[in-house]
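The values are calculated or read from the model by the stated rules, or taken from the named source; none is laboratory data. Keep in mind it's a predicted model, so treat the numbers as computed, not measured. Cβ coordinates were reconstructed from backbone atoms using ideal geometry, including for glycine residues, and neighbour counts include every protein chain displayed. We work out accessible area using only protein heavy atoms, side chains counted, and drop any ligands, DNA or RNA first. Shrake-Rupley method; radii C 1.70, N 1.55, O 1.52, S 1.80 Å.
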Amino acid sequence: MGADGSRPTDSRTEMREAGIGPIGSGAAGAADGREALAIGPIGSGVAGAADGREAPTIGVLALQGGFAAHARMLHRLGAGVVEVRVPADLQALDGLVIPGGESTTMTLGIEREGLAEPIRRLAQAGTPILGSCAGLIMLDREHLGAMDILAARNAFGRQLRSFEADIEVRGLDGPPLRGIFIRAPWIAEHGDTVEILAEVDGHPVAARQGDIIAVAFHSELSDDDRVHRLLLAAVDRRREHSRAAGAGAGG
Amino acid sequence: MRDEATFTVKSGLAEMLKGGVIMDVVTPAEAKIAEDAGAAAVMALERVPADIRRDGGVARMSDPEMIAAIQEAVSIPVMAKARIGHFVEAQVLEALEVDYIDESEVLTPADEVNHIDKWAFKVPFVCGATNLGEALRRIGEGAAMIRSKGEAGTGDIVEAVRHMRQIRGEIRALGALEEAELAAAAKRHQAPLDVVRKVAADGRLPVVLFCAGGIATPADAALMMALGAEGVFVGSGIFKSSDPPLRARAIVEATTHWQDPSRVAAASRGLGGAMESLESAKLTEAQLLAQRGW
């Protein structure tokens with residue numbers, strides 16, 4: 001690299017500035033050392049707080065990968081979170097996150113647990129879904145087929161080519177988003193109904209088709225929650241819509 | 001601005017391995033079996049720890065040709081081991097573009113005083129630890145992932161349990177201290193004060209914590225997850241068992257479903273023989289690999 005403007009960073013300085021490692025990792029938290037993830041509605045954050053409505057419940061696929069960081073971010077935004085490992089965990093979800101991880105491992109896990117069909121049905125029913133990194137791959141034509149995209153796996157290369165960069169994401173207000181790309185894919189092909197939201201080196205790295213959002217990077221590893229707000233906004237719109245429809249039918 | 005090899009990028013890969021199983025493999029064929037069974041990554045090495053123990057002699061970094069062949073065979077991350085302090089082996093592994101370097105006590109140490117300066121590398125490192133101080137010293141040297149050491153090549157889980165309980169217990173104890181007491185704690189743990197402060201405030205390591213050394217069954221893997229591991233390394237436990245593909249899948253399943261005993265039970269059925277094991281308590285001082293590194 002280097003020709004494209006990248007540079008190695010002195011991690012020592014960075015770590016000092018960040019007070020060591022900006023990533024919320026580790027198995028800390030409750031009595032058994034883990035965060036209790038299936039907490040119900042929380043009054044703070046953006047989701048459902050303003051008008052006292054119940055907070056949405058978002059499932060996070062937890063077969064393998066970076067699911068805890070997504071759960072933390074959703075919690076912070078006031079959503080209830082359910083870790084999804086078996087089809088029964090998909091009941092009564094307002095939205096779903098498919099996190100990063102190893103796409104091969106996740107594909108095998110989805111197969112083993114019989115999760116493919118129920119997730120496809122969720123997508124077809126219009127449930128908002130966010131896939132990041134391996135999650136983007138899971139959504140593509142060759143995997144769950146929930147989105148009309150074709151992912152190129154590990155497209156940026158091995159770990160040595162992993163990077164972070166400021167990227168402009170269409171539809172997000174404010175400054176550029178710090179995208180963290182770990183052995184990341186990009187979108188090699190997409191259909192006409194897919195809106196490309198961001199590109200790196202001319203390759204699409206974020207896209208949206210209806211209420212299904214796919215990003216090749218990890219904003220859950222940063223403090224920037226705008227991508228998750230995008231998901232929760234879609235969830236809110238959909239809940240508002242079904243409430244209005246319900247009220248219409250009833251009255 | 002595009003930045004490579006930041007600490008976020010290095011530790012970020014470990015984040016993506018969480019909840020997964022990293023398997024020792026010695027051939028491309030084994031790597032393929034591991035990938036097909038759902039391994040989150042493979043560790044390419046010349047001999048699994050059980051064979052290193054049996055054969056004796058100096059254990060070194062693997063043949064680059066073998067590592068390259070394994071990289072060709074699979075798309076999941078490929079890790080490889082360098083000897084403690086052998087920074088040139090690490091440079092070679094970086095030149096091969098492995099995804100993670102394990103500065104490992106399983107190989108014969110090359111430096112009895114110094115570990116590798118891991119900040120000098122773009123490839124991230126995972127290091128072993130038996131207690132919190134050791135983990136924090138490795139993080140201070142630039143490690144982006146920690147694994148408890150256990151006792152590799154034995155198939156005996158007792159040392160893995162000891163080390164995980166030690167690390168997690170010491171983290172909890174740090175959390176109970178007042179700010180003014182942290183400097184003395186840092187001295188006691190022989191660890192950098194800024195990292196000690198961070199751990200005390202967060203109640204966890206600033207990097208991902210896996211476990212290694214002695215996992216032979218799905219129940220072993222689930223036990224370590226229940227004790228706070230965020231994922232597991234399995235060395236000899238898979239390819240020294242009687243049915244590696246079946247056992248590999250079972251350990252992956254138990255690692256995902258560690259909270260559900262019925263799933264761990266289902267995964268444990270009919271796996272055939274586990275690896276030939278050694279009782280750690282009967283090993284002599286000189287045979288204990290976990291004592292390498294400091």
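A few notes on this one:
- Filter pass, A:D224 being under 14 Å from the mean Cα position of the chain (by Cα), surrounded by fewer than 24 Cβ atoms within 10 Å (Cβ to Cβ), within 14 Å of chain B (Cβ to nearest Cβ) and at pLDDT 95 or above: yes
- All conditions in (1) closer than 24 Å to B:Y100 by Cα; (2) part of a helix (DSSP H, G or I); (3) within 14 Å of chain A (Cβ to nearest Cβ) hold for B:G237, with the sole exception of (3).
- Some residue of segment B:146-156 being more than 10 Å from chain A (Cβ to nearest Cβ), open to solvent by less than 10 Å² (accessible area, probe 1.4 Å) and farther than 19 Å from B:A59 by Cα: yes
- Among the candidates B:A37, B:A14, B:A50, B:A68, the residue that is within 23 Å of B:M224 (Cβ to Cβ), out of contact with any Lys or Arg (no Cβ under 9 Å at 6 or more places or on another chain) and in contact (Cβ under 8 Å) with a residue 12 or more places away in the chain is uniquely B:A14.
- The set of residues in segment B:112-127 that are open to solvent by 40 Å² or more (accessible area, probe 1.4 Å) and either away from chain A (no Cβ under 14 Å) or not in a loop (DSSP other than H, G, I, E, B) (or both) comprises B:E112, B:V113, B:N114, B:A120.
- Test: residue in segment B:215-224 that is open to solvent by 10 Å² or more (accessible area, probe 1.4 Å), of a type outside the set (G, A, S) and touching a Phe, Trp or Tyr at 6+ places or on another chain (Cβ under 9 Å): yes
- Positions within segment B:33-57 being part of a loop (DSSP other than H, G, I, E, B) and surrounded by fewer than 24 Cβ atoms within 10 Å (Cβ to Cβ), in sequence order: B:E46, B:R47, B:G56, B:G57
- For segment B:167-193, the set of residues classified as within 19 Å of B:V207 (Cβ to Cβ), open to solvent by less than 60 Å² (accessible area, probe 1.4 Å) and assigned to a loop (DSSP other than H, G, I, E, B) consists of B:A191, B:P192, listed by residue number.
- Unmet criterion (only one of (1) closer than 19 Å to A:I187 by Cα; (2) touching a residue at least 60 places away in the same chain (Cβ under 8 Å); (3) in contact with a strand residue (DSSP E or B) (Cβ under 6 Å, 6 or more places away or on another chain)) for A:G95: (1)
- Selected residue (criterion: surrounded by the fewest Cβ atoms within 10 Å (Cβ to Cβ)) from residues of segment B:89-111 that are of a type in the set (D, E, K, R) and more than 9 Å from chain A (Cβ to nearest Cβ): B:D111
- Restricting attention to segment A:54-76, the residues that are assigned to a loop (DSSP other than H, G, I, E, B), more than 14 Å from chain B (Cβ to nearest Cβ) and closer than 25 Å to B:A14 by Cβ total 0.
- From the list A:I167, A:I98, A:I110, A:I137, the lone residue that is under 15 Å from A:I213 (Cβ atoms), within 14 Å of chain B (Cβ to nearest Cβ) and surrounded by fewer than 24 Cβ atoms within 10 Å (Cβ to Cβ) is A:I167.
- Per the conditions (1) of a type outside the set (D, E, K, R); (2) more than 29 Å from A:R53 (Cα to Cα); (3) touching a residue at least 60 places away in the same chain (Cβ under 8 Å), the sole criterion not satisfied by A:H203 is (3).
- Among the candidates A:E113, A:E14, residue that is acidic (D, E) and at pLDDT below 95: A:E14
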